1. Given the criterion at pLDDT below 90, crowded, with 22+ Cβ neighbours inside 10 Å and farther than 25 Å from B:T298 by Cα, identify the matching residue among B:R424, B:R387.
2. For B:A441, state whether it is buried (at least 22 other Cβ atoms within 10 Å of the Cβ), of a type outside the set (D, E, K, R) and more than 28 Å from B:V281 (Cβ to Cβ).
3. Just the residues that are surrounded by fewer than 22 Cβ atoms within 10 Å (Cβ to Cβ) and within 14 Å of chain B (Cβ to nearest Cβ), please, taken from the stretch A:198-244.
4. Yes or no: the stretch A:222-239 includes at least one residue that is without any contact (Cβ under 8 Å) to a residue 24 or more places away in the chain, under 30 Å from A:K90 (Cβ atoms) and of a type outside the set (S, T, Y).
5. If I ask for residues that are without any contact (Cβ under 8 Å) to a residue 12 or more places away in the chain and either part of a loop (DSSP other than H, G, I, E, B) or of a type in the set (S, T, Y) (or both), which ones from the stretch A:241-271 would you list?
6. Filtering the stretch B:331-375 down to residues that are of a type in the set (K, R) and not in a loop (DSSP other than H, G, I, E, B), which residue is nearest to B:V307 (Cα to Cα)?
7. Could you please let me know if B:L235 is in contact with a strand residue (DSSP E or B) (Cβ under 6 Å, 6 or more places away or on another chain), in contact (Cβ under 8 Å) with a residue 40 or more places away in the chain and either farther than 30 Å from B:G289 by Cα or surrounded by 24 or more Cβ atoms within 10 Å (Cβ to Cβ) (or both)?
Amino acid sequence: MSLIEYDVIIIGAGLAGLTAGSSLARQGFRVAIVTTGEPTACLSTGCVDLCSGLASPLENIRQLSSYHPFHFIDPELIRQTLNNFSEAVKEMGIPYVGSPDENRRILTALGTFKTTCLVPVTMQASANNVQEKIHIVTFRGLKDFYPSYIISRLKNASFSVYDAGVSTTMGIAANFEQEDFLEAFICWLGNIEISENKIAFPAVLGSESAAEISKKIEHQLGRPVFEIPTIPPSMPGRRLFNRLKNYFRKNKGFIYWNWPVVGVEKSGKLIEAVVTSSVGRPNSLNAKAFILASGSFVGGGLVATRDTILEKVFNLPVHIPGRREFWFEQNYFSVNHNIEKAGIEVDSSFRPVNCLWENVFVCGGILANTEILKNGCGNGLALCTGEAAAISCAEYLR
Amino acid sequence: MIKTDVIIIGGGATGCGIARDLALRGITHCLIEKGDFAAGATGACHGLLHSGGRYVVSDPIAAKECLDENLILRKIGEKCVEQTGGLFVRLPGDSKRFRDLFLRQCDDVGVPTEVISSSKALELVPNLNPEIEEAIKVPDCSIDPFRLCMLNMTTSLAKDNLVFTGHRVTEFIQSRGRCVGVKATDAATGEVREIYGNIIVNATGAWANLVAALAGTEVPITLSKGSLVITNHRLTNMVINRLRPPSDGDIIVPNEAVCVAGTTSLAAQSPEKINIEASEVDTIIGEAGRMIPHFQNTRIIRAFSGVRPLLKSQKTDSREISRGFQIIDHENGMYSIVGGKLTTFRLMAEKMVDIIMKSFNLRRECETAHKPLDGQEELSGYPLAKRLIDMKNIVCECELVSRQAVERVIKQTGTRHVGDIQHRTRLGMGPCQGGFCTFRALGIMQDLSVLSPEQSMQALHDFLQRRFRGIRYALWGDQLREEQLVEYIYLGILAMEKQP
């Protein structure tokens, strides 16, 4: 039994956990997040994919398989969640653009186009078709970005190389936060003859201040500038995570960082506490309700063994898509791998089905039947189910 | 049109060994391989240089051949053989009578043995199952099959013999009932080359019968599939064998930073499109786990399968069929060489070339048993000491391979295949299996203009599909987690499509 009792403890500090946390904290609940470390959001493009497909995201959602957890959420709530998100990130200094009525295409580091919904303002001007005339600026030795991949598809593109003194995404991004570096860079860029009408960069324009930095470059060169997301570590993903984390803290939420959950305390149909292994000794954190937002396999919420798939915090029943040999198809590029359906099945209040606990709610990538790759719904699903689980949780607490 | 003395079909250990032997005896030749070197059974085995121990009971003649070749290869191929030594371990319940028979047969064949107590064995290999009854030490070694093939080809290439990898033989050119040449199609461009030779050697292993059929003849082989798994740790510094009659999952071989364990033995219908059953993987892990308990919890990074060509006999259990080799004279200008083992590839090549010399009426003794393999200095891998010097700008974090090392290989070899960089530097051999670094290596190849952007997109695409074929069978635990991340990167962040 610990001395501090929270109203809600959330396991996982990804987009789902932070969204649920901020939502509850803003309503005045005492909320804590327990996390093992940085979430997979840091590895993402930072864009909010809602639902890809031919029609608008909201229409595409209507057509998803009937098992998809999106069907538990009213379209108006989806709209409201994205509005809340946009306001939060704007307040925190990284405005996003886009709406749930429209998908957009952004250029990737392979020269393909990724379908997404909301994007950080630094990707607003992204090329969205192969005809566009763009000039790519890259950095000497940058190991995660090769403009020639893009040029293989965008025949009207050209590139030039700047020596930033370092060769990693994070190193260059940190340099851009330095006034002198930025000035020297803009000066160099001003002397290059560029005939194309847009300028593209790998997403390294600052660790945190990308919106201001890209605006400054745009202003100096008099033409639109945009960032292309890179493979992890992804700056736009980190920027997004940091802003949402700070937003949660600003709303009086507390984060237990690097505190893996190793057990639970329970009584009857209620979970009373999670036991975490912090430095020195185990600690129990008590709460009236719990939200599980620990992610899928990559995030560590689900663990596959040779025989089964486990959820290790509450030991919830996991929907397992058949025996191991059926988890993956032969074709790598198929997005129909059955493993994408693994996860926790929930009812419309985002409580896990076939389980005893009345005060546990589940959201984000750990949910069953999301098929995130196939449906192009990663970060959007995290935000919306996070909000929906928070609403159910708040009702329960009242 | 190309004219040569001997056409070798197949770039496995046997074909490459024949090329070297011919080169040393001054015979011009041309080697045609449909994929890359060591792409068949050669590259899909343990990499165990047998001491002979495994065969002393079932096939003493094969055992003696292994022993002799083991000694030769250790001498001529210092840089691709790791002299690990091996142990045959006897677990509780394993037959003591087999152990006595084993020791007697080793003495007869001449395989040096030393019986050691379980505590002494645990000193040598601390990860061993502490419950073993005893162990018998033998001179097994670990060998790198890729490097072995490339080193054999060095001699051949230095004498300007032609090599066409990525070329499939699609037709035999016949004249008066004899095969006088082949047509080979370049898989990349579709270009067809006509190559004429006085003798054609079919050294295509499991494909031998398919190739022979093109020449209107046949090779009586059966196919046996053997599956293996790779761990991401080197759990043992010695080769570990189970002291019992050959069975599933009874060999573990250390190789660089990893271990390879196997095999299984199942009849196969075709040398291509082989699948691995989940039960095979479970069997290997279970059996290997009895010798090294840690195996049960160690991360498996990949499973793979090779198809052994075995000489046909009446027996139905393929493990009982002789692993000895055979040279078939089709009496139409073509020979097929089939069977055998990686360990005896040099001997097989010697016998084949002896026949070729005789038919050309030429006399020159075989030198391959004495001359060290050429090119060992350049191909001596990418040792840790060098990796640490190159530490700046690492492109493969799993195996510590730097951009400089990748550029060095590209410049030295002019290669257009990312596989060549992988075999020479170990790029992509670690836990992520090239998930991050292949994208980078192909980008570097574009920067150095050896590949066009279109070619490297295609190469990336092919690589990911090929890679998946191997890791698909080892997807649980951390490896599944890593794989999901790699999938999100390529299909999510980079929005890669089914076709480039």
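The values are calculated or read from the model by the stated rules, or taken from the named source; none is laboratory data. Please read these numbers as outputs of a predicted model, since none were measured by experiment. We place every Cβ from the backbone using ideal geometry, glycine too, and count neighbours over all the protein chains shown.
1. Numbers: B:R387 fails: crowded, with 22+ Cβ neighbours inside 10 Å.
The match here is B:R424.
2. Details: buried (at least 22 other Cβ atoms within 10 Å of the Cβ): yes; of a type outside the set (D, E, K, R): yes; more than 28 Å from B:V281 (Cβ to Cβ): yes.
In short, yes.
3. Once the filter is applied, which keeps residues that are surrounded by fewer than 22 Cβ atoms within 10 Å (Cβ to Cβ) and within 14 Å of chain B (Cβ to nearest Cβ), the stretch A:198-244 yields A:P232, A:P233.
4. Looking only at the stretch A:222-239, we keep the residues that are without any contact (Cβ under 8 Å) to a residue 24 or more places away in the chain, and these are A:222.
So of that shortlist, the ones also under 30 Å from A:K90 (Cβ atoms) come out as A:222.
From what is left, the residues that are of a type outside the set (S, T, Y) are A:222.
Within the stretch A:222-239 (the criterion being without any contact (Cβ under 8 Å) to a residue 24 or more places away in the chain, under 30 Å from A:K90 (Cβ atoms) and of a type outside the set (S, T, Y)), the answer is yes, since at least one residue qualifies.
5. A:S267, A:G268
6. Within the stretch B:331-375, the subset of a type in the set (K, R) is B:341, B:346, B:351, B:358, B:363-364, B:371.
This time we only want the ones that are not in a loop (DSSP other than H, G, I, E, B), so: B:346, B:351, B:358.
Numbers: B:R346: 20, B:K351: 23, B:K358: 32 Å.
In this case the residue turns out to be B:R346.
7. Values: in contact with a strand residue (DSSP E or B) (Cβ under 6 Å, 6 or more places away or on another chain): yes; in contact (Cβ under 8 Å) with a residue 40 or more places away in the chain: yes; either farther than 30 Å from B:G289 by Cα or surrounded by 24 or more Cβ atoms within 10 Å (Cβ to Cβ) (or both): no.
No.
Yes or no, residue by residue, for (1) surrounded by 21 or more Cβ atoms within 10 Å (Cβ to Cβ); (2) among the aliphatic types (A, V, I, L, M); (3) under 25 Å from B:A369 (Cβ atoms); (4) touching a strand residue (DSSP E or B) at 6+ places or on another chain (Cβ under 7 Å):
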site	(1), (2), (3), (4)
B:E78	no, no, yes, no
B:D100	no, no, no, no
B:R104	no, no, no, no
B:D108	no, no, yes, no
B:T113	no, no, yes, yes
B:S118	no, no, no, yes
B:M150	yes, yes, yes, no
B:A158	no, yes, yes, no
